[in-house]
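The structure appears below as structure tokens.
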Amino acid sequence: MSSTALPEQHPWPFWRKVLFRFFFIYLLFQVTPWTWLDAIPGVTYVTKYYFQLMDWAVETANANIFHVRKVLVPVGGSGDTSYGWAQVWLLLSVALMGCIVWSVLDRKRNDYRKLNYWLCLFTRYYIASIAFSYGILKLFALQMPFPSQTMLATQLGDLLPMRLSWLFIGYSAPYQIFSGVMEVLTGLLLLNRRTATLGIMLGTAVFLNVMVLNLSYDIPVKLFSMHIVLMCLFLLVNEYNRIACFLILNRPAFPATFTSITFRKNGCGLQRSF
């Protein structure tokens with residue numbers, strides 16, 4: 001059996017380089033890998049300055065440019081507060097301006113394959129961590145508890161849409177556990193390079209359903225769920241040629257490249273794939 005040859009690597013078109021620069025900046029602020037070690041004692045003494053800088057930037061930008069609300073409501077249990085929206089507008093603006101400056105200063109570069117590998121790696125692990133954090137709760141039917149007697153006695157018309165959706169899922173433990181299994185399975189698949197493509201396809205379906213529920217029932221984590229779906233779509237776009245060849249065009253699919261990259265060691269000519 002002959003092995004499938006690797007695809008020839010051509011320079012990226014101009015539009016792809018521009019889009020990558022924008023999404024690299026924006027997704028990096030959403031994933032914030034520099035805060036992943038906050039659980040280690042002492043690390044928060046360093047990362048707290050990032051959060052202080054972000055708070056100052058959001059407040060200043062809102063007061064002078066965006067005017068989302070005169071006094072911003074901080075992010076608490078809900079991510080859809082005025083602070084959350086002001087932060088989104090700020091990060092979109094920073095990503096756009098950074099993309100323009102980056103495109104001018106680095107206009108001769110052919111591609112960003114290695115940088116794209118690191119962005120996909122951090123994004124993939126971030127989605128996996130979110131899938132585990134929510135999936136494990138659902139796996140034990142803990143996120144949406146069974147309706148209390150008070151809730152069951154409440155007239156249906158008095159329930160907010162979010163509460164109605166919470167009771168709907170919490171009423172059926174098997175359905176909630178099934179949702180948890182799908183999210184945990186997504187996380188497990190994303191941790192392995194060989195199964196990452198299947199994981200991101202499953203994750204897109206799972207989190208797209210979560211996003212539609214949040215939008216349809218006014219659950220106040222709409223921004224967060226939309227960003228998770230955006231990250232899933234970003235990883236899917238990196239695989240669109242392989243997925244299209246396998247599922248639609250009935251053509252040979254090349255091995256994944258966004259989950260593996262070869263680094264050359266200076267001086268000895270050795271190569272190692274990660």
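We did not get these values from a lab; they are worked out from the coordinates using the rules stated. Remember, predicted model here, so these are calculated numbers, not experimental data. As a convention, Cβ positions derive from the backbone with ideal geometry for all residues, glycine included, and neighbour counts pool all protein chains shown.
Data overview
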read-out	value
Burial ranking of peptide ranges 32-43, 125-136 (average Cβ count within 10 Å, highest at the top)	125-136, 32-43
Per residue Cα convex hull volume in Å³ - calculated over region 12-109	132
Charge dipole (debye, nearest 20) of the chain; +1 at Cβ of Lys and Arg, -1 at Cβ of Asp and Glu	1100
Cα gyration tensor, region 120-269 - rounded (a/c under 1.5), prolate or oblate	prolate
Proximal lysine pairs, the chain, alpha carbons under 27 Å, eight or more residues apart or interchain	9
Inter-probe distance in nm under a simple model that places probes 7 Å from Cα toward Cβ, at THR154 and ILE136	2.9
Table column - 3J(HN,Hα) (Hz), region 182-196, Karplus curve with 6.51, -1.76, 1.60, x for Gly and Pro	5, 6, 5, 4, 4, x, 5, 5, 6, 6, 10, 4, 5, 10, 5
Shape call, the chain: gyration tensor on alpha carbons, a/c limit 1.5	oblate
Computed over region 146-241: relative contact order in percent, which uses C-alpha pairs under 8 Å that are six or more apart	23
Excluding exposed DSSP-loop trypsin sites (Lys or Arg not before Pro) (at most 15 other C-beta within 10 Å), longest clean stretch of the chain	110-264
Centroid-to-centroid separation of region 197-217 and region 90-118 [C-alpha atoms, Å]	28
Segment ARG193-VAL104, extension gain: residue separation times 0.36 nm, minus the distance between their alpha carbons	28.6 nm
Peptides 93-103, 243-253 ordered by average Cβ neighbours within 10 Å, highest first	93-103, 243-253
